[in-house]
Each structure stands twice: as structure tokens, then as C-alpha cells.
Amino acid sequence: MGAPTEQSWPEPSDRVKELIRRAAEFANNAPEEWVTSLQDATLTGVILSPIAADPTLAELVRNSDTAVMLHWAAHNLAHPGRRVPPNIDSADALAVARDLVRRGLDLHGIDTYRKGLNTAWTLWMNVCFELTDDPAELRELLAVTWASMSTYVDDTIDAITLRMAGEREQLTTGTNADRLAAVSLILEGAPITRPRAEQQLGYRLTGPHTAAVIWTTGTVGDLDAAAHALARRAGTPRPLTVVASASALWLWLPGTVVLDSADLARELADHPEVRVAIGRPGEDLDGFRRSHLDAGTTQRVMTRLRTRRRVAGYDDIALISLVTSDTGKADEFVRDTLGDLLTADQETRETVAAYVAEQFNTSRTAERLYTHRNTVIRRLTRADELLPRPLADNPTGVAVALDVLRWLGPDAPA
């Protein structure tokens, strides 16, 4: 037997309707740990690991799944216990359908809603048990809401599956689909010949390449602007650009490109939602692949750290990735290493970092900071008073701690 139709849907008692309203009101104003728990569960398991490994797609799926469950709670606040129509016309739901198809992950993506249902139901039951201890009321409350929630998720999956079928038909033809298919084969190390790949990509795979990943929480126009800015700074009129998802581009620049992250970030100041991760240059097919993997690693570190920095290269995050793999221990390391320097003015901290970078030469440090040598000396003296150990005894530790602080601290550059 299938789910009840709207006409045959059971009508809850007035008392249970009131309990559902109270539970739904709580769910609509759920504490942050509820949302976190739901989002963490959404992408667990081996099947969903390809989605979890892509920061932009993972965030989109988590937000969509959360919105799906909040829609159920909102509907039950107004119509307690009734069948809830799927809400798949939102921008997030449409973007998820498109992106999963573009990445060939549509079958994986359906499982996220099942994961969300399991966690949401556990949280919902906890609320229900707090509302009544009457066995008959509790039995009816759980039976009605389980039928409503599980049927709603089934209906949502059915509707999204149909949407994906339509997206698949539109997106599996055309230039970008061909490029994405060829790039995916190269990145996976699949047997695709160089001539065939170059024909599909319209891009030479010999010589050096520098890859970048560009993503945004803003508009597609922001992605295009960032791609143009990157190509212009690299002096490359024709980079290879592949639309990886509705909110991300993959880019390859022919040549060995070394970009100044700060300069590029300033050029993108009018597009504050854009982030850019750049890989190390590499040669030929292996370099094409490795540079992209470097850019992906850089993107994941930037996303994990929730840094305010908008542009970073692989060399920028190589050490930071190791030091911050456990953010709790990283915070402890920074506090223990810097002591009172942690809360000192930014100019003093920047002077210490520059002094170590300039190999303890005060004159070069002054030139680097565009300040007087005596000012540098005063700041260094002040830093030694604030540090638990003199700078000369622990220069490497202090430099690393300051670098971590630049990525995670309130003064971290955008």
C-alpha cells in the first residue's frame, strides 16, 4: 500500500494538533546545535563522500536539506499533521539538482534527504517526548507526524528526481558538458587520448598549466569577473574554463603563473563573495591534473578554516593546513606561543613577522614596512616584553603562530 492520498489523509485529534503546533514552533526556532546536527548528518557515509569532498557543493546540499526540513516544520505550524507538498522551486533546490547532474552525482545526492530525515526525526521525537507523557497522545502524535514527515521526504525525492531528469537532458549536450566530461576523465586518470581530450577541451595539454578554482555565494557574474581578472593578471587571453557547478568554475591557465594573492584580492574588491584557490604550476597531463588537485586542496582548507581571505595559493596553505588540522590545538599553540603579543596592536605583530621573514635584518624590515628603523627596533623590544620567550629563542614558532593568526584572527585580511 502507498502513502495516503490528500483525501484519505487521517485527521489528528484537536489535542494532537495543538501538540504538533507547539513542536513545530520549537523546530522553526531550533537552537543552532539542531541545525549543525542536521547538516553534519546530511553528507555522512561513503556514498556521499564525493559530494562532501566538494566544499561549494557540500554547502549547497546542506543548506538545501535544512531548508527542506524547515519547510516541513513551517507547514505543520499552519496545518498540523497534514500532508506537506514538496518545496522544490527554491533557488537552492534548483541549484542542487543542476549541480548534481553536472557532476554526475545525481544518484548519490538523493541519499542526502534520507540522511536528513533520520536525523530530523530523532530531533523531532525528543521534542515530542517533552510535550506529553500520556501514552495515547504520544502514540498518535508520533504516528501522525512520522507519516507526514516520511511521506513529505518521499514526495520531495520524487519531485527532485523528475527535476534532475530534466536537467540531465539539458546539460548532457553542449560545449561545457563535453569539457566537463573530458576534464573529469583526465582528473580521474582514465584512459583518454591527448588528441581526443584536446579536441573536446579546445585547449593544448602540452607544456605548463596553472589551475584555479573560483567559487561564490553571490551571482554567476561574479565568477565570470573573477575568471577575467585572473586571466588578465596572468597575461593569458584564452584560459580553459569549465563550469563545475552553479557556484563554481574550474580554470586552467597555460603557462607557469605566479600570482600575488593580495593584489588579486584587491582587484576583486567589488565582488566580495568570490573566493579563488590557485594550484602550483605543473607540466603536461600530470601537471594539469596535479595543479587542479592543489587548487582543490587550497579551496577545502579555506572553507574549513572559514577564513576571511578571498584569494590563496597552495603554497600559502601548505603549512597552515598541517598546523590547523586540529583547530583546538592550533588555538592553544597560538596562545601559548604568542602570550600577550596575541592581543597587542597589529603593527607590532606585523613587524615581528616581517623581521623573521627578512632574516632578522632591521633595515630590510623597515624598508618592507615603509617605516623608520628606530620604529622597528621599538616594536621588536615591545614584542620581546610581551612574548613568553624572547623572539630570538623561538623565531620559527612565533612566525608560524602569527601566520595562523593571520588566517584565523579578527584582523585576518580579506
Open item on the list: Sequence gap at least 6, Cα distance under 8 Å: using those rules, report the relative contact order of the chain to the nearest whole percent.
Closed with: 12 percent
Task: Inter-label distance for D270 and E347, nm, one decimal - labels placed 7 Å from Cα along Cα-to-Cβ - done: 3.3 nm
Open item on the list: Between 0 and 90 degrees, rounded to the nearest ten: what's the tilt of helix 220-234 against the longest Cα principal axis of the chain?
Closed with: 20 degrees
Task: Listed residues D263, D222 arranged by accessible area, highest first, probe 1.4 Å - done: D263, D222
TODO: Apply 1/(1 + (r/R0)^6) to the Cβ-Cβ distance of A136 and T44, taking R0 = 45 Å, and write down the FRET efficiency to the nearest 0.05.
DONE: 0.80
Open item on the list: Can you give me the accessible area per residue for the chain, using a 1.4 Å probe, in Å²?
Closed with: 49 Å²
- [ ] Convert 25 °C to kelvin, take the viscosity as 0.890 mPa s, use the Kirkwood radius over C-alpha pairs of the chain as Rh, and evaluate the Stokes-Einstein diffusion coefficient in µm²/s, rounded to a whole number.
- [x] 99 µm²/s
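Write down the Kirkwood hydrodynamic radius of the range 335-374, to one decimal in angstroms, obtained as one divided by the mean of 1/r over all alpha carbon pairs. Write down the numbers at each step before the final one.
On the way: mean 1/r = 0.0944 Å⁻¹.
Mean inverse Cα-Cα distance, inverted, gives 10.6 Å.
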TODO: Would you mind calculating the gained length between Q359 and A392 on full extension (0.36 nm times residue separation, minus the Cα-Cα distance), in nm to one decimal?
DONE: 10.8 nm
TODO: Take the Cβ-Cβ distance between D155 and R238 as r, set R0 to 45 Å, and report the resulting FRET efficiency rounded to the nearest 0.05.
DONE: 0.45
Task: the range 256-301, relative contact order [Cα under 8 Å, separation at least 6], % - done: 33 percent
Task: Unit Cα scatterers, Debye sum, the range 317-414: log10 I(q)/I(0) for q = 0.15, 0.19 Å⁻¹ - done: -0.56, -0.88
Task: For the chain, calculated [θ]222 nm from helices alone, where every DSSP H run of n ≥ 4 adds -39500 (n - 2.57) - done: -21000 deg cm²/dmol
Open item on the list: At 25 °C and a viscosity of 0.890 mPa s, what translational diffusion coefficient does Stokes-Einstein give for the range 207-356, taking Rh as the Kirkwood radius over Cα pairs? Give it in µm²/s as a whole number.
Closed with: 149 µm²/s
TODO: Would you work out which of A197, A277, L48 lies farthest towards the positive end of the dipole of the chain? Charges go on Cβ: Lys and Arg +1, Asp and Glu -1.
DONE: A197
TODO: With a 1.4 Å probe and every protein chain kept in, tell me what percent of the accessible surface of the chain is carbon plus sulfur.
DONE: 51 percent
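Classify the range 308-366 as rounded, prolate or oblate, taking a ≥ b ≥ c as the square roots of the eigenvalues of its Cα gyration tensor: rounded when a/c is under 1.5, otherwise prolate if a/b is larger than b/c and oblate if not.
Note, shape of the range 308-366 comes out oblate.
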Task: Inter-site label distance for I377 and E32 at 7 Å from Cα along Cβ, in nm - done: 4.7 nm
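The values are calculated or read from the model by the stated rules, or taken from the named source; none is laboratory data. Here the structure is a predicted model, which is why all the values come from computation and not from measurement. All Cβ positions, glycine included, derive from the backbone under ideal geometry; neighbour counts span all protein chains shown. For the accessible areas, the whole protein counts, side chains as well, though only heavy atoms, and no ligand, DNA or RNA atoms are used. Shrake-Rupley method; radii C 1.70, N 1.55, O 1.52, S 1.80 Å.
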